[in-house]
Ligand code: MG
Ligand code: ZN
């Protein structure tokens, strides 16, 4: 089989992309300092559209029961659906609409944080835009990064997206109740994840029912 491999970005984009990523990294460091100054543990939640990022955040919020001591930045292209769903759990929420951008970046987070009331906040969740490619390349300054994937994405999601899974501190496999009807082998997905990122915690969940949510809380080092 003939394989054509890209050796990176198009020639004219190389310098631009290098600058962009370097600028993002330096803003991410500033964000981290800001979070540390206020003692806010910040978690970047990444994953495909429909993997269950919002449902997972809602389930964690419910179990934590910390009300306004938790804040959420919800990233989305144009809608406020996720922010409204999360708000119903009592957390402070701010929506960031990225328009055509397929990921959040450290600059957007800096702007969002400036506009939020963060007094008394202990934990900040950032729900990234649904996408398994570029969010991994744009650290936001979060202390931990979590990637959610669900069995409904089929058997090859993890092997096909090694870069983002390498970035994760916690990998969540969601919708495990659907593994049988989807004919997906959960153990194989776990093996794929462990091979790519042996350090990350691998947690199986059904965020709808609450299965595995306590393990996610423990895996992220959140106190209950
Ligand atoms: Mg969502
Ligand atoms: Zn993107």
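In terms of Cα atoms, the Rg and Dmax of segment 62-112 work out to 11.7, 34 Å.
Here the simple spin-label model places points 7 Å from the Cα toward Cβ, and for residue 69 and residue 18 these points are separated by 4.7 nm. With the cut-off at 1.5 for a/c, could you classify the chain from its C-alpha gyration tensor as rounded, prolate or oblate? Note, shape of the chain comes out oblate. Only helices enter this figure: runs of n ≥ 4 DSSP H residues, each worth -39500 (n - 2.57), summed and divided by the residues of the chain, yield -10500 deg cm²/dmol at 222 nm to the nearest 500.
With a 10 Å radius around each residue's Cβ, average the other Cβ atoms per peptide and rank 56-66, 41-51, highest first.
On the way: 56-66: 20.1, 41-51: 23.4.
Most protected by this proxy first, the peptides run 41-51, 56-66.
For segment 147-216, what is the convex hull (Cα atoms) projected area averaged across all directions, in square nanometres?
Numbers: hull surface 16.3 nm².
That works out to 4.1 nm².
Quick one: compute the contact order of the chain, relative version, from alpha carbon pairs under 8 angstrom and 6+ residues apart, as a percent.
Numbers: 420 pairs, mean separation 51.9, N = 224.
RCO, the chain: 23 percent.
Taking 7 Å steps out from each Cα toward its Cβ at residue 36 and residue 177 produces label points 4.2 nm apart.
Bear in mind these aren't lab numbers, they're just calculated from the coordinates by the rules spelled out. Please read these numbers as outputs of a predicted model, since none were measured by experiment. As a convention, Cβ positions derive from the backbone with ideal geometry for all residues, glycine included, and neighbour counts pool all protein chains shown.
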